[in-house]
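Beneath this line is the structure, given in structure tokens, with notes to follow.
The values are calculated or read from the model by the stated rules, or taken from the named source; none is laboratory data. Predicted, not measured: the structure shown is a model, and the values here were computed from it. Counting neighbours? That spans all protein chains shown, and the Cβs are built from the backbone with ideal geometry, glycine included.
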């Protein structure tokens with residue numbers, strides 16, 4: 001097999017969960033060229049790894065013709081792929097894979113696209129809880145690829161590391177005399193995943209008041225105000241944020257990599273911890289833990305049992321948001337204390 005295309009997931013966390021399957025492909029076909037087919041921002045997630053050789057970018061809203069429509073499909077056809085693995089489950093990607101003329105097209109038969117695939121895996125029931133990580137592994141195993149490990153992988157680039165050090169240099173040096181704990185409070189899924197800025201601020205206060213630590217609040221471009229609010233409400237010198245930086249996925253990866261612990265909502269950056277062997281505490285609200293399970297020994301899941309959940313909704317349909325509202329700072333702080341005791345980790 002000379003050239004393999006992989007339609008990668010659209011969510012940052014799912015891309016990380018797909019890395020064991022990507023590693024298996026690289027191992028099984030060491031001489032093949034692995035081409036990632038994905039949204040532009042996914043490039044930053046996999047930057048620094050050797051999991052794919054190059055990328056073909058697609059974006060239906062792009063002003064670049066080759067990233068959408070017939071021009072994009074023509075570009076794929078010119079690649080003459082020996083195989084395309086579909087880690088996406090949409091009818092559209094099935095259709096595009098079929099039009100590409102790839103000799104093998106491997107994926108789940110969801111959305112009625114089974115006839116478009118040469119290697120069609122029976123469509124899965126979305127109500128049956130199974131990790132996305134296991135779904136990606138199932139796809140490559142169906143085509144005879146052996147998966148040796150479920151360990152996820154990431155890397156930082158030299159530019160990412162420089163960006164992190166520039167951020168450190170912008171603040172008083174005494175802040176970096178202490179280990180770093182990172183907070184990730186946002187999430188693209190929707191507001192139902194959010195734990196309040198007040199509670200994150202109070203958690204930060206408890207950490208810096210009881211431990212010699214510096215807390216760094218991560219954020220994406222749409223979450224700057226949220227990060228600033230946490231810092232403002234915490235009112236502690238040792239609690240800072242990335243909000244005034246040039247924000248990149250690589251900077252967030254570097255921040256987590258150099259952390260002693262990550263405390264996060266169930267969103268993409270949560271998955272940055274495992275590849276760098278950083279303990280992580282994940283606060284779950286409306287989402288089921290099982291859909292994003294990565295079997296990480298240093299991962300702690302916190303979810304408040306409620307009669308109405310987990311509902312998988314982006315906003316609370318009952319408008320009370322009890323799953324997050326009633327989850328106390330004290331409970332999360334106890335988990336932080338336990339993690340620091342169990343996984344005491346000094347990071348240079």
Note to self: I need the full set of residues from the stretch 8-47 which are in contact with a strand residue (DSSP E or B) (Cβ under 8 Å, 6 or more places away or on another chain), farther than 14 Å from residue 88 by Cβ and not in a helix (DSSP H, G or I), in order please.
What the structure shows: 29, 32, 33, 34, 35, 40
Check: In the stretch 63-84, how many are surrounded by 15 or more Cβ atoms within 10 Å (Cβ to Cβ), outside any helix (DSSP H, G or I) and touching a residue at least 12 places away in the same chain (Cβ under 8 Å)?
Finding: 4
Margin query: Out of the residues in the stretch 268-284 meeting the condition of being farther than 18 Å from residue 180 by Cα and more than 12 Å from the chain's Cα centre (by Cα), tell me which one is modelled with the highest pLDDT.
Written below: 283
Notebook entry, point to check: How many of the residues making up the stretch 47-91 are over 22 Å from residue 116 (Cα atoms) and within 27 Å of the chain's Cα centre (by Cα)?
Noted result: 14
Margin query: touching a strand residue (DSSP E or B) at 6+ places or on another chain (Cβ under 7 Å), within 18 Å of residue 133 (Cα to Cα) and either outside any helix (DSSP H, G or I) or at pLDDT 95 or above (or both): which single residue out of 287, 300 fits that description?
Written below: 300
Check: Counting just the residues of the stretch 255-267 that are assigned to a helix (DSSP H, G or I) and crowded, with 24+ Cβ neighbours inside 10 Å, which one comes out nearest to the chain's Cα centre (by Cα)?
Finding: 256
Next item on the list: Could you pull out the residue among 161, 153, 141 that is modelled with pLDDT of 95 or more and assigned to a loop (DSSP other than H, G, I, E, B)?
Entry: 153
